[in-house]
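S.K.: Before I ask anything, here is the structure I am working with.
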Amino acid sequence: MDSHLFPEISPLDMRAMAEAQARWDTRAMPLGALGRLQNLGVHLAGITGICPPPTPHKPVVVVFAGDHGVVDDGASAWPAEITAKMISTISSGGAAISVFAEVVGAEVVVVDVGVQTPLDPLPKVRSERITDGTASITKKAAMSLDQAKDALAVGIRIASEQIETGADCLIGGDLGIGNTTSAAALIGALTGRSAQEVTGTGAGTPADGLDHKRRLVATAIQRTKTCANPLEILAMVGGLEIAALTGFYIAAAQNKVPFIIDGVIAGAALCAADALTPGTAARAVAGHHSSEQATSIVLNHLHLKPLLNLDLRLGEGTGACLAFPLLQAAALALTNMAELPVPDQT
């Protein structure tokens, strides 16, 4: 597979992590008093290779959007046209991610990687359209290998551009009616789990449609049995926005920049990223535990523990965005907390 798309990811910096743990042990508090926040500070040191780790102050949210042919098979209660309407809502500042990003001071950029509905030019919406949505994952490959590579390259390029212009924490979001069906199939194929285990209700299935959705996912997973590697699996059952998000994570990991994953779509992308470029997941921060069914499977598979559990399942990067202040708090505490005075032994 192409080395420029799948660069080697260096391991976490163990020296910086050891220094961070030793530093926590000398702060003005009882040992371990900040609990998992201390683990996060150590993790940030390992990601950046610096102790204490730099406090992130310029987060960016990039929402990748694409449509899915499996919607025509009855995978969702919503029509594909809703994807374009939600892009407009984000552009105008009216979506949940727009509100949450304002809370944490993050810029929001939407990237059209493969939306079916033609879009007029909109503020903060970038066109990187590869094709007008994917094919149905129950009938043929969602994308060609070249289309999957192109989508990966979009994510890699945009992450690199954001880092070059000063972004110090990357938050990936997703948008696309039907994408929980593709994500479930991708997760099932990459983790060896069944359609029954990985398929949830998503943004809405038709009345009594969960069994039908599971049958769609089972068919798609079965079709991946002919795939020779993770790239072929991604092309077979993934989405254009999922592939772009995969590349986005790979680039963040390669550049040693913290990135926060969101819900089950982001989890599917991270599974693909770690399969394509081992070591990517070790550099990820799990923002929250989505209420979508496959979330626990993803987190366990990648050995990640989420920072929040708010029963969110919206996507867009919402849960990841809400977790960002915890990264700031961990880094700032490790940097600014006073050293515990050493008792006078005389």
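S.K.: Would you say A20 is buried (at least 22 other Cβ atoms within 10 Å of the Cβ), at pLDDT 95 or above and not in a loop (DSSP other than H, G, I, E, B)?
M.R.: Spelling it out, A20 is indeed buried (at least 22 other Cβ atoms within 10 Å of the Cβ), at pLDDT 95 or above and not in a loop (DSSP other than H, G, I, E, B).
S.K.: If you don't mind, there's one more thing I want to ask. If you check every pair at least six apart or on different chains, which have Cβ atoms under 9 Å apart with a residue in region 66-92 that is modelled with pLDDT under 95 first and a residue that is acidic (D, E) and open to solvent by 50 Å² or more (accessible area, probe 1.4 Å) second?
M.R.: Every condition considered, the pairs that remain are A80/D72.
S.K.: Here's a follow-up. Residues being open to solvent by less than 50 Å² (accessible area, probe 1.4 Å) and assigned to a loop (DSSP other than H, G, I, E, B): count how many of those fall in region 44-69.
M.R.: Total satisfying the criteria: 8.
S.K.: Of these, A142, A101, A135, which one is closer than 19 Å to A235 by Cα, crowded, with 21+ Cβ neighbours inside 10 Å and among the hydrophobic types (A, V, I, L, M, F, W, C)?
M.R.: On the way: A101 fails: closer than 19 Å to A235 by Cα; A135 fails: crowded, with 21+ Cβ neighbours inside 10 Å.
Among A142, A101, A135, only A142 is closer than 19 Å to A235 by Cα, crowded, with 21+ Cβ neighbours inside 10 Å and among the hydrophobic types (A, V, I, L, M, F, W, C).
S.K.: Looking only at region 24-34, decide whether some residue is in a helix (DSSP H, G or I) and open to solvent by 50 Å² or more (accessible area, probe 1.4 Å).
M.R.: The answer is no; no qualifying residue exists.
S.K.: Then there's this: Can you name every residue in region 278-297 that is among the polar types (S, T, N, Q) and either in contact (Cβ under 8 Å) with a residue 60 or more places away in the chain or open to solvent by 20 Å² or more (accessible area, probe 1.4 Å) (or both)?
M.R.: Residues of region 278-297 among the polar types (S, T, N, Q): 280, 290-291, 293, 295-296.
T280, S291, Q293, S296 - these are the residues of region 278-297 that are among the polar types (S, T, N, Q) and either in contact (Cβ under 8 Å) with a residue 60 or more places away in the chain or open to solvent by 20 Å² or more (accessible area, probe 1.4 Å) (or both).
S.K.: Is it true that G41 is closer than 20 Å to A159 by Cβ and either open to solvent by less than 40 Å² (accessible area, probe 1.4 Å) or in contact with a helix residue (DSSP H, G or I) (Cβ under 7 Å, 6 or more places away or on another chain) (or both)? Even if it seems obvious, please write down each step before you answer.
M.R.: Values: closer than 20 Å to A159 by Cβ: no; either open to solvent by less than 40 Å² (accessible area, probe 1.4 Å) or in contact with a helix residue (DSSP H, G or I) (Cβ under 7 Å, 6 or more places away or on another chain) (or both): yes.
Answer is no for this residue.
S.K.: Another one. E161 fails exactly one of the following numbered conditions: (1) modelled with pLDDT under 95; (2) assigned to a helix (DSSP H, G or I). What is the number of that condition?
M.R.: For E161, the exception is condition (1).
S.K.: Same structure, new question: Among the residues in region 299-311, are any in contact (Cβ under 8 Å) with a residue 60 or more places away in the chain and closer than 21 Å to E102 by Cα?
M.R.: Yes, the conditions are met somewhere in region 299-311.
S.K.: So which pairs qualify, if the first residue must be in region 246-260 and within 19 Å of D150 (Cβ to Cβ) and open to solvent by 10 Å² or more (accessible area, probe 1.4 Å), the second must be hydrophobic (A, V, I, L, M, F, W, C) and not in a helix (DSSP H, G or I), the Cβ gap must be under 7 Å, and the two must be at least 6 apart or on different chains?
M.R.: Q254/I9
S.K.: If I90 satisfies every condition in (1) among the aliphatic types (A, V, I, L, M); (2) more than 17 Å from A244 (Cα to Cα); (3) not in a helix (DSSP H, G or I) but one, which is the exception?
M.R.: Single failed check for I90: (3).
S.K.: If you don't mind, there's one more thing I want to ask. Test of understanding: among A275, A269, which residue is in contact (Cβ under 8 Å) with a residue 60 or more places away in the chain, open to solvent by 10 Å² or more (accessible area, probe 1.4 Å), of a type outside the set (S, T, N, Q) and in a helix (DSSP H, G or I)?
M.R.: A275
S.K.: A further question on this structure: Just the residues that are in contact (Cβ under 8 Å) with a residue 60 or more places away in the chain and either more than 17 Å from E316 (Cα to Cα) or of a type in the set (G, A, S) (or both), please, taken from region 102-136.
M.R.: Within region 102-136, A106, G114, E128, I130, T131, D132, G133, T134, A135, S136 meet the criteria.
S.K.: Go over the candidates A142, A153, A80 one by one and state the one that is farther than 23 Å from Y249 by Cα, in contact with a helix residue (DSSP H, G or I) (Cβ under 8 Å, 6 or more places away or on another chain) and not basic (K, R).
M.R.: Testing whether each residue is farther than 23 Å from Y249 by Cα, in contact with a helix residue (DSSP H, G or I) (Cβ under 8 Å, 6 or more places away or on another chain) and not basic (K, R) leaves just A80.
S.K.: Of the numbered conditions (1) open to solvent by 40 Å² or more (accessible area, probe 1.4 Å); (2) more than 25 Å from G172 (Cβ to Cβ), L312 satisfies every one except a single condition; which is it?
M.R.: (2)
S.K.: Additional query: Can you run down the residue pairs with Cβ atoms below 9 Å, 6 or more apart or on separate chains, where the first is in region 21-40 and closer than 19 Å to H303 by Cβ and the partner is among the β-branched types (V, I, T) and open to solvent by less than 50 Å² (accessible area, probe 1.4 Å)?
M.R.: Q21/V42; L40/V285
S.K.: For D146, are the conditions met, namely being within 20 Å of the chain's Cα centre (by Cα) and part of a helix (DSSP H, G or I)?
M.R.: Criteria not met by D146.
S.K.: Follow-up question, since we're still on this one. Which of the following residues is under 22 Å from the mean Cα position of the chain (by Cα), closer than 19 Å to G202 by Cβ and not in a helix (DSSP H, G or I): G173, G166?
M.R.: Details: G166 fails: closer than 19 Å to G202 by Cβ.
The match here is G173.
S.K.: Taking interchain pairs and intrachain pairs at least six residues apart, which have beta carbon atoms under 7 angstrom, with the first residue in region 137-161 and within 22 Å of V125 (Cα to Cα) and the second surrounded by fewer than 24 Cβ atoms within 10 Å (Cβ to Cβ) and of a type in the set (D, E, K, R)?
M.R.: K149/D2; V154/E128
The values are calculated or read from the model by the stated rules, or taken from the named source; none is laboratory data. All values derive from a computational prediction rather than experimental measurement. For neighbour counting, all protein chains shown are included, and Cβ atoms are generated from backbone atoms with ideal geometry for every residue, glycine included. These accessible areas exclude ligands, DNA and RNA; they are computed on the full protein's heavy atoms, side chains included. Shrake-Rupley method; radii C 1.70, N 1.55, O 1.52, S 1.80 Å.
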